[in-house]
Amino acid sequence: MSEPAARDPRALQVFVFRLEGERTVLLAELGRVPGVEARLEAVDAHLEAAIAALGEAGVAYPAHAVAHRYGFSEGDYLLLQLGLLPWHGPEAVRRATTALGEAAAQARVSHAAALLVPGADDWRAVRRQIATLPIVVERLVSLAPIEGEDAGDAVIVVGQALRELLGLDEIAA
């Protein structure tokens, strides 16, 4: 993934979005897939530079602005990033969900539990904790039941208002 040649703020925002998607996948794979640490460091360096370039242009990255506005914790932000994986394409979703337990078309609460509380014995208890995060309470993301499944797992769904704010309709996977 190469940095945009131009310092166009919108191109930089899309670049940051893509980097954050790759970072989320790498965090899911961390400790589970060999060689991830070096790739994660490289992505973090690119991310830091791109965010600095946005700052120099006087432009905020929308997801960071929302996180600041709502006082997101790291858990809130990771839940958001898991919910955004479909906009990074099916391969990103597959890599992350496989690393976090079971391949799925969208990230689930059980995947979030594996990322946020590694080794937790009771992911349902973690789900109850996740449901209290500000990002869920404020309905920026929802935990949608999975049709035909009674195990209590849920899909992480980014709310329409947040999708519009982030400009996801303009970003093709």
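Overview of values
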item: Kyte-Doolittle at least -1.0, axis length at least 20 Å by Cα - qualifying DSSP helices, the chain; result: 9-29, 36-56
item: Ordering of 14-25, 154-165 by burial proxy (mean other Cβ atoms within 10 Å per residue, highest first); result: 14-25, 154-165
item: Amide H contacts under 5 Å for residue 146, placed H, 5+ residues apart; result: 155
item: Percentage relative contact order, the chain, counting C-alpha pairs under 8 Å, at least six apart; result: 21 percent
item: Extension gain (nm, one decimal) between residue 70 and residue 105, 0.36 nm per residue minus Cα-Cα; result: 9.8 nm
item: Correct choice for Rg and Dmax of the Cα atoms in Å that was computed from the model, options (1) 15.8, 50; (2) 17.5, 59; (3) 19.4, 72; result: (1)
item: Relative contact order [Cα under 8 Å, 6+ residues apart], the range 119-173, whole percent; result: 24 percent
item: Check: the chain dipole with +1 on Lys, Arg Cβ and -1 on Asp, Glu Cβ, in debye; result: 140 debye
item: Simple spin-label estimate for residue 48 and residue 33 in nanometres, 7 Å along Cα-Cβ; result: 2.3 nm
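Readers should treat all values here as calculations from the given coordinates under stated rules, not as data from a laboratory. The structure presented is a predicted model; accordingly, all values stated were derived computationally and were not measured. Ideal geometry is used to build each Cβ from the backbone, glycine not excepted, and the neighbour counts take in all protein chains shown.
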